[in-house]
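Single-structure report; data block below.
The values are calculated or read from the model by the stated rules, or taken from the named source; none is laboratory data. Quantities reported herein were computed from a predicted structural model and do not represent experimental measurements. In this analysis, Cβ positions are derived from the backbone assuming ideal geometry, glycine residues included, and neighbour counts consider all displayed protein chains. Calculation scope for accessible area: heavy atoms of the full protein, side chains included, ligands and nucleic acids excluded. Shrake-Rupley method; radii C 1.70, N 1.55, O 1.52, S 1.80 Å.
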Amino acid sequence: MSFLLLPHLKVQSANALSCGFIVNASPVMAITQFVHNLVVRHLQCEVLGVAIRHHHGEHQALEDVAYDALPHQRRSALLINEQDYVGKGSQGPTLSAQPTASCNLELSLLIEFEGLADQESLEPFLRKGRLAGGQITSYREPIFTDDLDHALQQLGKSGFWLIERPELIDEKDPLGSMFTALEHSAIPEKQAKELRQKSPPLANKPLHEISNTWVVPTVLGYQALTDFVEREGVRLKEQLDGTLENSLHAYAEPLIGIIQYVSAREWGDDLPFWQQHWLDSQTFVVQCHATTTD
């Protein structure tokens, strides 16, 4: 097994609208797809997982007359012709206003892969690549290594690991338990440490599971609602040589999970690697699995 460290990727105007009702700066699904594209199609290796370190994030807002700022932006378009406006004799469809939300991010990605990487293809990919729809404006020197400890030493302790908290969702009441987890009042780190010292059942429990700070919902998969078939008007698959080919398409709905930002300084020896896979022929998910560094 080998590792690729992409330190301090700065991404401008990444998509922050995870789905129709969630705005966040945690594009886990997009990151795993970015890594899959890089490693499988360009480095020509097999992806084993990616650990995500968050350094910085800022949402882009829209100034509004009635409010100081809005977390989303209104986007719409009209054909440049007087006959295209609604109510003025429109002869064709007018593009409706679509809500969008974007953010600027700084992330480090620790990728575990297997195979002999085509390292020369990395720089061209990063120069023109996009992560969650955002442009990669800068990054520090990428590092290929077989030594995980060396990669972690170069990464340092700044930032927050993104981990999954599936135990916060009750299968009998997934929506209600998710809101309960998000509404639950987090406690400061100092108070969490005191609570763990005073309560024997919490003695071996990780600090972040006691404090429950920085818990957010995000999209962690998709469930197909229809069969996969070829359809007209859908996005074509681009090959490495630039040619396009048809791909199977299905309508799907997002699967929402709960993740947490955990300080790298407080995190243990295990690394939170995210992996993507099919649960069945209709369900595609990304899940976090802890991997020991020993």
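Fully extending the segment from GLU194 to GLN44 would add 49.1 nm, taking 0.36 nm per residue of separation and subtracting the current Cα-Cα distance.
Counting heavy atoms of the protein chains only and a 1.4 Å probe, report the per residue accessible area for the range 202-241 as a whole number of Å².
Working: 2690 Å² over 40 residues.
Per residue, the range 202-241 has an accessible area of 67 Å².
Loop sites here are trypsin sites (Lys or Arg not before Pro) outside DSSP states H, G, I, E and B with no more than 12 other Cβ atoms within 10 Å. The longest part of the chain free of them is 1-87.
Only helices enter the 222 nm calculation for the chain: every DSSP H run of n ≥ 4 contributes -39,500 (n - 2.57), and dividing by all residues gives -4500 deg cm²/dmol, rounded to 500.
The alpha carbon centroids of the range 104-175 and the range 193-213 are separated by 29 Å.
Modelled label positions at ALA203 and HIS56, each set 7 Å beyond Cα in the direction of Cβ, lie 4.3 nm from each other.
For the residue pairs LYS157/LYS205; LYS10/LYS193; LYS157/LYS193; LYS157/LYS190, the alpha carbons lie more than 26 Å apart in LYS10/LYS193. Put a dot 7 Å past the Cα of ASP270, heading toward its Cβ, do the same for THR213, and the two dots end up 2.1 nm apart. When a/c reaches 1.5 or more, the comparison of a/b and b/c decides; with that in mind, is the range 142-294 rounded, prolate or oblate per its Cα gyration tensor? Judged from the Cα gyration tensor, the range 142-294 comes out oblate (a/c at least 1.5, b/c at or above a/b).
Projected label points at ASP227 and GLU171, each 7 Å from Cα along the beta carbon direction, are separated by 2.9 nanometres. Working note: Debye formula, equal point scatterers on the alpha-carbon atoms of the chain, no solvent; log10 I(q)/I(0) at q = 0.14 Å⁻¹ is -1.22.
For the chain, the share of accessible area belonging to carbon and sulfur comes to 50 percent (1.4 Å probe, ligands and nucleic acids excluded).
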